Amino acid sequence: QVPLVESGGGLVQAGGSLKLSCAASGLPRNLNVFGWGRQAPGKQRETVATIITTGTTDYKDSVKGRFTISRDNAANTVYLQMNNLTPEDTAVYYCAAGRGLLNYWGKGTLVTVSS
């Protein structure tokens, strides 16, 4: 019923790690891109990571080397491993999917990084 459901958010200390999960169901079968976006208070939503069918990934510069997006096709699940978190990473994180364009979005999970 709900196409994309995020989990794994919460409160973490600066320097810590979190792994977000996104369970996908009931989506069209021809989607070729999955990703994660985030929206911090007072800011526009931004895409932080994407992965396409071939496995090629792309990241926002500020998270390169710290975040890793991956996908388990058998489990219909997308992950975002986040390491060395900073307070600037505090945001609602959204799972997304689409065909070329990320046009399906979940409801989000809140990640709060304390200093």
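If you go through segment 92-104, how many residues are in contact with a Gly (Cβ under 9 Å, 6 or more places away or on another chain) and either among the aliphatic types (A, V, I, L, M) or closer than 15 Å to G9 by Cβ (or both)?
7
Answer yes or no as to whether V113 is open to solvent by less than 30 Å² (accessible area, probe 1.4 Å) and either in a loop (DSSP other than H, G, I, E, B) or at pLDDT 95 or above (or both).
It is true that V113 is open to solvent by less than 30 Å² (accessible area, probe 1.4 Å) and either in a loop (DSSP other than H, G, I, E, B) or at pLDDT 95 or above (or both).
Return the residues of segment 6-54 that are free of Cβ contacts under 8 Å to residues at least 12 places away in the same chain and under 16 Å from the mean Cα position of the chain (by Cα); say none if nothing qualifies.
Passing the criteria: only Q44.
The values are calculated or read from the model by the stated rules, or taken from the named source; none is laboratory data. Just so it is clear, the model here is predicted, and its values are computed rather than measured. No Cβ is skipped: glycine too gets one built from the backbone with ideal geometry, and neighbour counts run over all protein chains shown. Remember, those area values only see protein heavy atoms, side chains included, never the ligands or the DNA or RNA. Shrake-Rupley method; radii C 1.70, N 1.55, O 1.52, S 1.80 Å.
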